[in-house]
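The values are calculated or read from the model by the stated rules, or taken from the named source; none is laboratory data. Predicted model only: the values in this text are computed from it and were never measured. Because the Cβ atoms are built from the backbone with ideal geometry, glycine has one as well, and the counts that use them run over all protein chains shown. These area figures cover heavy atoms from the full protein model, side chains too; ligands, DNA and RNA do not enter into them. Shrake-Rupley method; radii C 1.70, N 1.55, O 1.52, S 1.80 Å.
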Amino acid sequence: MKYMIPLFTSIPPHFSRKRANGQDLGPEYARMCVQSWRNSGFDPVTVNSKNESLAGIIAEENIKCITVGRDVRERFGKPLIFLGDFISSACNHQMDGPVVITNADILIDISDAAYRQLEGLQPGQCFVSKRYDIKEMDSRQGLEYQQGYDFFAFHSSDLKKFTSDDFVMGMPWWDHYLPIWMYLMGLEQLNIKDPFVFHLSHVERWDFEKWVILGGNFLKFIEKTSISNAEFSALVSSYVGVVNSKIKNSEYRLKDSIKSLVMELTKSGRLEKKIQILHRVAHANVEWLDSIRGTRKV
């Protein structure tokens, strides 16, 4: 098969998927993910820090690798890369045409018709998809993941406008930030209905201190954008309404701007309270994004 669409990801040094009996399916699952990308017509490219040990599968499967000089080791303890550097590398590699971004632990099983839609993606168009969590690698029946997004397709001319050092590949919140940023650019969602993004279920391990730091970055972005972007200003009231719909205690309801939520997060000293605030935001993001994905289609 001739690979037409570049797929950008960041393959970690170690891939683990342990069963209850202790069996680790990580290496086998990693190979299956790469094979699924290629079998579906995507050409994988991994972007990693030059300070990160590269996974063996990169050489074994002859995957293109781009290394960048910066990473977040000093702040977060791991040589993960900034989302802005990741996207800049992708755009430099793919100067024109569609670009796919996905997490490294995603299986793809796409129909010919859906692939042709992605292949023909034009400036001003995008495709954002949740994954379906499956229990077996060869299964295609699963539950839709409700907390974020795992597959993104954009035109490189739109991605070139992206700049941000506030989010990190392989850490939370970038998968909310990126589609919201793109929709605020006025992009329209391709109308692809059949699910083709799958993920082998595993226990998720959250570092909530880092989750709160990056969640704070997200809220500052929202606050800044609500001031500078006229379209978003018109939508702030609906966003606040979605957040408030998640809150039963009127003491914590928002006023008429995102600023009140930023102030609430800043003044709270307890980690548990910050987590509570940001969980409301995360749920609101998904509900809000899903409504936009459902109405702004081409």
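A few comments on the model shown:
- Selection status of Asp175, closer than 24 Å to Arg70 by Cβ, in contact with a Leu (Cβ under 8 Å, 6 or more places away or on another chain) and either of a type in the set (D, E, K, R) or open to solvent by 10 Å² or more (accessible area, probe 1.4 Å) (or both): no
- Subset of segment 160-169 [over 19 Å from Leu289 (Cα atoms) and surrounded by 20 or more Cβ atoms within 10 Å (Cβ to Cβ)]: Val168, Met169
- Selection status of Asp133, modelled with pLDDT of 95 or more and open to solvent by 10 Å² or more (accessible area, probe 1.4 Å): no
- Residue match in segment 242-253 (condition: open to solvent by less than 40 Å² (accessible area, probe 1.4 Å), over 16 Å from the mean Cα position of the chain (by Cα) and modelled with pLDDT of 70 or more): no
- Counted residues, segment 209-232 - those being of a type in the set (Gly, Ala, Ser), surrounded by fewer than 19 Cβ atoms within 10 Å (Cβ to Cβ) and at pLDDT 80 or above: 1
- Checking each residue in segment 179-192 for being at pLDDT 85 or above and either open to solvent by 70 Å² or more (accessible area, probe 1.4 Å) or over 30 Å from Val34 (Cβ atoms) (or both) picks out only Glu188.
- Inter-residue pairs, beta-carbon under 9 Å, first farther than 15 Å from Leu118 by Cα and open to solvent by 30 Å² or more (accessible area, probe 1.4 Å) and in segment 138-159, second part of a helix (DSSP H, G or I) and at pLDDT below 90, 6+ apart: Gln146/His283; Gln146/Val286; Gln147/Ala282; Gln147/His283; Gln147/Val286
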